[in-house]
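Below is the structure I would like to discuss, written out as structure tokens.
The values are calculated or read from the model by the stated rules, or taken from the named source; none is laboratory data. These numbers were taken from a predicted model, which means no experiment stands behind them. Quick reminder, even Gly has a Cβ in these numbers, built from the backbone with ideal geometry, and neighbours come from all protein chains shown.
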Ligand SMILES: [Zn+2]
């Protein structure tokens, strides 16, 4: 795609981001004004009068005038679901809906506009819009309709969808639920583990290999266009992995992917350990040395659910329940002993462990399980939405990566929280404490649950205000904010470091691969949302431009 020349590429006339390590809250950005890249590698970063720059000019490097633009490292999304993202790019978004009428109208329009699709696939529904009952959408279209909740923890199905999955005859999986009426018939909603152990594999199995390759392709294109050159996949499974291996054989992808193999909760320890055995096999099949741009680095366990569905595991009950779950604390999806056994086995095999933990009790449980593992393996906790100050400190003490998604801290989507948590909202998203306690940060989007716009993530991290609705004045715990520079580094170097890529990429430094992005931006809080990516370079080649 891009040009390549043995004399290399010289970027001058703009700002070149110099940070190579995690800075603090108040750190002001440092910029050079020249960057030289040759044969896919960064050779020099500095200033236009440097000897190295004069030499490469004389040697005939291709000169790229930046016209005041900013060069940042290629970003690495710390938490995504690549195949789901590709799949979701084709689904109709319900994010703009406020109520059932809006939802029905959007589904109907999409169904009419896509008569050849075998199923009607939707995304972005939220609980406050309406209840997830099949009966509310059955009349819209005779094809199976699947509606993903925005957080991907619920799938709402129409009756033909329930029928093709055979929902009435399925048992609830561990850590998951199929909502049923008094007669035991499924009413439309699949919750938590029922989504990723039943719905996802089913929809993957009815898609063709060609469909899946197209999904991955379009996800990578969307990511390159947003300034990413890599990501960490947080729910790798057999089918997606097979597709990625096929693609790797055929072509070189302009993207680097480290993946965590998803474990399915079970009350049988033997079953869980057998899943780890399979993960170890895949881990050994392609490792970082043989295949630096596509490999499995570890395992992922989902320890609890989410606050809005009252499935995040808390130390004290929710103030009011989502429907019947009144006065519940939520429950962990794994027993403490099995969790420890699984985590230890993976750790002993040299694998990294990622634990999804949102509620304070789940976070304590996750850190306890990781506390006896080797800190050398750079284990991580995902989300960390309601952490106690004690646990916030323990992350740094134990060398556990705090993998956070500031877009989830957007006050516009947290409007139900005060009613569910009361004063505990004061502990929401305590990023500052993670960073001050010395925990390595990795910033991600959790796409497709959230948009993957890097500067939206940085904006929410730094302002704790809404980017979804910029007129909404609510600020979520400003004392827990990150700095802009700190967030940008956490979204590049921090994510790279979390999977041992930091020696090779994540910052603009001589000797690192030439993954970079060129931005039209103003380095000010209130200008971040206006920043735009102009070019993305992968391995020294331009792979995307406006
Ligand atoms: Zn996720």
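Condition check ((1) away from the ligand (no atom under 16 Å from the Cβ); (2) closer than 18 Å to residue 516 by Cβ; (3) modelled with pLDDT of 95 or more) across all residues:
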site	(1), (2), (3)
203	yes, no, no
211	yes, no, no
214	yes, no, no
231	no, yes, yes
249	yes, no, no
255	yes, yes, yes
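Of all the residues that make up the stretch 227-246, how many are in contact with a helix residue (DSSP H, G or I) (Cβ under 6 Å, 6 or more places away or on another chain) and outside any strand (DSSP E or B)?
4
Counting only residues that are within 16 Å of the ligand (Cβ to nearest atom) and touching a residue at least 40 places away in the same chain (Cβ under 8 Å), give me the helices (runs of 4 or more DSSP H) lying completely in the stretch 330-413 with at least 2 of them.
Correct list: 360-371.
Out of (1) touching a residue at least 24 places away in the same chain (Cβ under 8 Å); (2) in contact with a helix residue (DSSP H, G or I) (Cβ under 9 Å, 6 or more places away or on another chain); (3) within 29 Å of residue 408 (Cα to Cα); (4) not in a strand (DSSP E or B), what's the single condition that is false for residue 205?
Single failed check for residue 205: (3).
Tell me yes or no: at least one residue of the stretch 451-467 is at pLDDT below 95, buried (at least 23 other Cβ atoms within 10 Å of the Cβ) and within 16 Å of the ligand (Cβ to nearest atom).
Yes, because at least one residue in the stretch 451-467 is at pLDDT below 95, buried (at least 23 other Cβ atoms within 10 Å of the Cβ) and within 16 Å of the ligand (Cβ to nearest atom).
If you check every pair at least six apart or on different chains, which have Cβ atoms under 6 Å apart with a residue in the stretch 225-242 that is farther than 14 Å from residue 295 by Cβ first and a residue that is assigned to a loop (DSSP other than H, G, I, E, B) and within 14 Å of the ligand (Cβ to nearest atom) second?
226/452; 235/81
For the stretch 297-321, enumerate the residues that are touching a helix residue (DSSP H, G or I) at 6+ places or on another chain (Cβ under 6 Å) and outside any loop (DSSP other than H, G, I, E, B).
Correct list: 299 only.
Return a yes/no flag: does the stretch 208-226 have any residue that is touching a strand residue (DSSP E or B) at 6+ places or on another chain (Cβ under 7 Å) and not in a helix (DSSP H, G or I).
Among the residues of the stretch 208-226, at least one is touching a strand residue (DSSP E or B) at 6+ places or on another chain (Cβ under 7 Å) and not in a helix (DSSP H, G or I), which makes the answer yes.
So residue 253 passes all but one of these: (1) under 24 Å from residue 279 (Cα atoms); (2) surrounded by fewer than 21 Cβ atoms within 10 Å (Cβ to Cβ); (3) free of Cβ contacts under 8 Å to residues at least 40 places away in the same chain. Which condition number does it fail?
Against the list (1) under 24 Å from residue 279 (Cα atoms); (2) surrounded by fewer than 21 Cβ atoms within 10 Å (Cβ to Cβ); (3) free of Cβ contacts under 8 Å to residues at least 40 places away in the same chain, residue 253 comes up short only on (3).
Here is a yes/no grid of residues against (1) under 20 Å from the mean Cα position of the chain (by Cα); (2) without any contact (Cβ under 8 Å) to a residue 40 or more places away in the chain:
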{"position": "476", "(1), (2)": "no, no"}
{"position": "493", "(1), (2)": "yes, no"}
{"position": "501", "(1), (2)": "yes, no"}
{"position": "523", "(1), (2)": "no, no"}
{"position": "527", "(1), (2)": "no, yes"}
{"position": "531", "(1), (2)": "no, no"}
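Tell me yes or no: at least one residue of the stretch 126-145 is closer than 26 Å to residue 221 by Cα, touching a residue at least 24 places away in the same chain (Cβ under 8 Å), in contact with a helix residue (DSSP H, G or I) (Cβ under 8 Å, 6 or more places away or on another chain) and surrounded by 20 or more Cβ atoms within 10 Å (Cβ to Cβ).
no
Taking the criterion of being outside the structural domain of residue 91 (by TED's automatic domain parsing) and either in a helix (DSSP H, G or I) or on the phi > 0 side of the Ramachandran plot (or both), would at least one residue in the stretch 251-267 satisfy it?
No, the conditions are met nowhere in the stretch 251-267.
Output yes when any residue across the stretch 435-445 is assigned to a helix (DSSP H, G or I) and surrounded by 22 or more Cβ atoms within 10 Å (Cβ to Cβ), and no when none is.
yes
Okay, moving on. Could you please tell me which pairs satisfy a Cβ distance under 8 Å, a separation of 6+ or placement on different chains, a first residue in the stretch 441-453 that is on the phi > 0 side of the Ramachandran plot, and a second residue that is assigned to a loop (DSSP other than H, G, I, E, B) and more than 9 Å from the ligand (Cβ to nearest atom)?
Final answer for the pair search is none.
Sticking with this one: Can you tell me which residues in the stretch 100-133 are more than 22 Å from residue 207 (Cβ to Cβ) and modelled with pLDDT of 95 or more?
Selection gives 100, 101, 102, 103, 104, 105, 106, 108, 109, 112, 132, 133.
Let me ask something else about it. Looking only at the stretch 257-271, count every residue that is surrounded by 13 or more Cβ atoms within 10 Å (Cβ to Cβ) and either more than 15 Å from residue 302 (Cβ to Cβ) or in contact with a strand residue (DSSP E or B) (Cβ under 9 Å, 6 or more places away or on another chain) (or both) and tell me the total.
Looking only at that region, the number is 10.
Just to be sure before I move on: is residue 55 touching a residue at least 12 places away in the same chain (Cβ under 8 Å) and surrounded by fewer than 21 Cβ atoms within 10 Å (Cβ to Cβ) in the structure I sent?
no
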